[in-house]
């Protein structure tokens, strides 16, 4: 991981390159990027973005989020936008968890809401994953960037599933997840939530902003409890069997 933001307007934009799989190989640099929202890119950021040769931009935000904060990513010839509308996130402005938080604004409820949201992710993504993996299995699927609003929750889950498909173990997946706490924090981290939860005190907002391994653990535990394994989840929801996973690893690992 680079130790300075590659994009000033999206400091949680980072390359998954260098992440090591269980067989000792690592993800090639410059092929898979994860990010927060891309609506605040600077002019210089756009110039940097042009150099990355991105062929696929996967936007995990809800329709409401996309309309409120349109992406500024340069869509050059050959660049495809794949919109996977995942509304299971407090930032989407939808769902019972948002109402629950507003009705009972306590830190305990906020923490419980985050765990519940993460446990919804395997199902929220189940009908969407095949479209993404179908692109990844083609020559035009990489380099790619996938993102939501913060680059933490929905992006954290999809990153965990992609890394799992590439043979990365859970400890390394959680390590990657925690890096968001380095780049997406402080005033910037609070901004998108304060737009939706202006009445909530800071101590209640904190669990929503926090990068907590308990959250991602909850999502991965849900996968294992209800699908048997991440591998079976990939096979069931994304059509990625052992043969396809092997091809994906040959393409993306070095």
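Bear in mind that the values in this text are calculations on the coordinates, not laboratory data. Keep in mind that what you see is a predicted model, and the values were worked out from it rather than measured. Here the Cβ is made from the backbone with ideal geometry for all residues, glycine too, and neighbour counts use every protein chain on show.
Data table
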read-out	value
Residue match in the stretch 220-227 (condition: closer than 17 Å to residue 110 by Cβ, in contact with a helix residue (DSSP H, G or I) (Cβ under 8 Å, 6 or more places away or on another chain), touching a residue at least 12 places away in the same chain (Cβ under 8 Å) and part of a helix (DSSP H, G or I))	no
Yes/no for residue 175 being more than 24 Å from residue 14 (Cβ to Cβ), without any contact (Cβ under 8 Å) to a residue 24 or more places away in the chain and assigned to a helix (DSSP H, G or I)	no
Hits in the stretch 18-63 (condition: without any contact (Cβ under 8 Å) to a residue 60 or more places away in the chain, out of contact with any strand residue (DSSP E or B) (no Cβ under 9 Å at 6 or more places or on another chain) and surrounded by fewer than 21 Cβ atoms within 10 Å (Cβ to Cβ))	24, 39, 40, 42, 43, 44, 46, 47, 48, 50, 51
Qualifying residue in the stretch 204-219 (condition: outside any helix (DSSP H, G or I), free of Cβ contacts under 8 Å to residues at least 40 places away in the same chain and either in contact with a helix residue (DSSP H, G or I) (Cβ under 8 Å, 6 or more places away or on another chain) or surrounded by fewer than 14 Cβ atoms within 10 Å (Cβ to Cβ) (or both))	no
